[in-house]
Every structure is written in C-alpha cells, then in structure tokens.
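Worksheet: the structure to be examined is printed underneath.
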C-alpha cells in the first residue's frame with residue numbers, strides 16, 4: 001500500500017472521529033432540552049391540578065353560601081306564614097319553602113360530589129409534585145453529565161484536530177483537494193475495493209482498473225469519484241496445492257495448441273504472461289502485464305506453430321496452465337479478466353513452489369564429497 005493511501009486512510013479515520021465528537025457535542029444539549037420539555041409538561045400538569053383544587057374550593061364556598069341564603073329565606077317564609085290571612089297566601093309561602101329546600105338539596109349534592117373528588121384531586125397534586133421533584137433531580141444530573149461529557153469531547157476534539165492537521169500535511173495538495181471535494185458531497189473521500197467493487201458506491205470496477213488498484217496505482221472510482229485503495233493484507237492466502245492436498249500440480253500438455261507462459265523479464269516490459277494459440281497453420285501471440293493484466297501491444301500472428309513461429313519468446317519461461325480460446329481472448333479486449341489473472345498468478349505460485357521442492361529434493365539426494 002502506498003504511503004499516500006496510508007496517510008489518506010489515517011486522515012479519513014481522523015475525520016470520522018471528529019465528526020462523531022462534533023455530533024455528540026451537539027446531541028448533549030438536545031438531550032437536556034428533551035428532559036426540560038418533559039419537566040415543563042410536568043410543571044404544567046401540577047399547575048392544572050392545583051388550579052382544579054382551587055376551583056373546587058371556590059365552587060364549594062359558593063354552594064355553601066347559597067345554602068345559607070336559602071335557609072334564611074326559608075326562615076323568613078315560615079315567619080311570614082304565621083301572619084298570612086288567606087289560604088292562598090299560605091300555599092304560596094309553602095311552595096316557596098319547598099322550592100328553597102329542593103335548591104338546598106341540589107347544592108348539598110354538589111358539595112358532596114366535590115368532597116368525593118377532593119381526595120382524588122389531592123392525590124393528583126401530590127403525584128405531580130413528586131414527579132416534578134424527581135424530574136428536576138434527573139435534569140440536574142443530566143446537565144452535570146452533559147457538562148462533563150462536553151468538556152471531555154472538546155478535549156478529544158482538540159487532540160483529533162491536531163492529528164488531522166498533521167495527516168493533511170502529509171498528503172499531496174492536489175490529492176487532498178480531490179479528497180475534500182468528494183468527502184463534502186459523499187461523506188467520505190476514500191473507499192476500499194472489495195470483491196472487485198467500490199465499497200463506497202458498490203459499483204463493479206472494470207478489470208483493468210481493478211488490477212491497477214491492486215498493483216497500488218492511485219485511481220478514482222468512475223461512479224462516485226472516491227479515491228480507491230486495495231488492502232492486500234486482507235487477501236485470503238492461497239496454499240500451494242502440493243502442500244494442501246498432497247497431489248502434484250497438473251501440467252499442461254506439450255503438444256497442446258494453446259499455451260500460456262510466464263517470463264520474468266521481457267524486453268522493457270518486466271514481468272509478463274505470454275499467450276500462444278495455434279490455428280489453421282499459424283500462431284497468434286498476445287502479451288499481458290503480469291501485475292495489472294493489461295495487454296501490451298497488438299496480437300501478433302505468424303505462420304507455423306507457436307514454438308517455430310516465436311522461439312525467441314520461449315527463453316527463460318515457466319509454462320502455465322490455461323485453456324482460453326482465441327475467440328475468448330479477443331472478447332477480453334485490452335486486459336485480462338481478474339479471474340483469469342488470479343488463476344495465472346495462482347498457477348505461477350504453484351509452479352515456483354514445485355520447482356523449489358524439486359531443487360530441495362535434488363540437493364538432499366546429491367552425493368557428498370569426502371576428503372581423502
């Protein structure tokens with residue numbers, strides 16, 4: 001992994017921690033505000049309960065006053081009944097007394113209802129007072145926690161900001177501007193390549209791009225523009241077949257019409273894979289970069305089988321397994337599919353392990369020279 005990518009990974013981790021701390025600092029006052037809002041609701045409930053009790057007391061005094069007035073009227077009507085001279089006047093006073101007594105009964109019923117409700121009203125007030133006291137203590141506790149947490153977060157934020165400044169200083173300015181621009185709109189400016197996909201947007205990478213990213217080249221995702229990187233340390237190691245199963249590696253047939261070779265040095269191109277296909281009295285040769293899978297040059301066709309047509313290409317090579325037709329290779333275009341490149345790389349590893357095993361066995365069975 002290139003140093004630039006390592007610095008960017010460090011920077012992105014720092015940016016995320018800073019975002020988390022800022023979000024937490026912003027969230028703490030909101031948490032307190034929610035509790036204060038609940039406290040305000042409890043206060044309002046308490047005031048309403050007290051207001052109801054007060055209204056009941058006022059109503060009770062009103063009914064008691066009305067009863068007192070009605071009793072005075074009844075006393076007055078009784079006194080008047082002793083002085084009336086006609087039967088009609090007496091009946092009228094008795095009717096007034098009866099009506100007043102009915103009013104007294106109605107008011108007494110209302111007072112009794114208020115007295116019955118008074119106990120429930122008192123319980124409501126006491127419950128609201130207890131809840132208010134509990135919530136007031138809770139909010140003071142939350143405020144204290146919020147103050148302590150905010151102070152700690154602000155301290156960590158200052159430390160992470162210093163780390164962020166150091167990490168930014170280690171990144172190329174042009175690359176940093178691209179990272180900042182993408183991070184602003186995408187939330188992150190860097191994405192790991194997993195399963196041949198950009199982990200940021202889940203879009204599949206083209207085989208050539210995938211191979212180049214694996215080789216350590218700095219590239220941007222065509223879809224989301226995040227800077228791509230590949231972590232080779234997460235690759236599952238492939239055990240050599242001879243060690244895993246005890247069986248010998250399969251060897252390609254000598255007279256096969258199609259063949260693949262590896263060459264560690266080819267002109268100025270370095271490590272390459274060579275593909276040969278015999279067909280209709282001619283041979284086609286294709287050359288691919290062994291690291292990226294990119295095709296080097298055009299397909300070359302010569303008369304005769306590939307061993308006679310391209311003898312100069314077969315020096316210092318390792319024969320590999322591979323059976324992809326001429327038509328399939330034409331469909332690949334300018335680069336090997338990642339599955340093909342991985343298969344060739346695995347077979348190359350097995351071939352090298354096999355060669356090393358042969359050399360070890362030969363050395364072990366070589367006769368030793370004894371000095372006379």
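The values are calculated or read from the model by the stated rules, or taken from the named source; none is laboratory data. Treat the numbers as computed from the prediction; the structure is a model and nothing was measured. Using ideal geometry, Cβ is built from the backbone for each residue, glycine included, and neighbour counts are taken over all protein chains shown.
Brief remarks follow.
- Checking the range 279-288 against the condition returns no match, with no residue being touching a residue at least 60 places away in the same chain (Cβ under 8 Å) and surrounded by 21 or more Cβ atoms within 10 Å (Cβ to Cβ).
- Single residue of the range 174-193 satisfying the filter (touching a helix residue (DSSP H, G or I) at 6+ places or on another chain (Cβ under 8 Å) and outside any helix (DSSP H, G or I)) that is surrounded by the fewest Cβ atoms within 10 Å (Cβ to Cβ): 188
- Verdict on residue 35 being assigned to a helix (DSSP H, G or I) and under 30 Å from residue 151 (Cβ atoms): yes
- Screening 213, 238, 203, 171 for residues that are touching a helix residue (DSSP H, G or I) at 6+ places or on another chain (Cβ under 6 Å) and modelled with pLDDT of 85 or more leaves exactly one candidate, 171.
- Comparison of 51, 66 shows that the only residue that is closer than 19 Å to residue 124 by Cα and assigned to a helix (DSSP H, G or I) is 51.
- Test for residue 357: is it modelled with pLDDT under 85, under 19 Å from residue 207 (Cβ atoms), surrounded by 11 or more Cβ atoms within 10 Å (Cβ to Cβ) and not assigned by TED's automatic domain parsing to the domain that holds residue 204: no
- Condition broken by residue 136, with the remaining ones in (1) in contact (Cβ under 8 Å) with a residue 12 or more places away in the chain; (2) closer than 29 Å to residue 67 by Cα satisfied: (2)
- Residue match in the range 132-146 (condition: at pLDDT below 90, surrounded by 11 or more Cβ atoms within 10 Å (Cβ to Cβ) and more than 30 Å from residue 50 (Cβ to Cβ)): yes
- Checked against the criteria, residue 97 does not count as surrounded by 16 or more Cβ atoms within 10 Å (Cβ to Cβ), touching a residue at least 40 places away in the same chain (Cβ under 8 Å) and farther than 21 Å from residue 40 by Cα.
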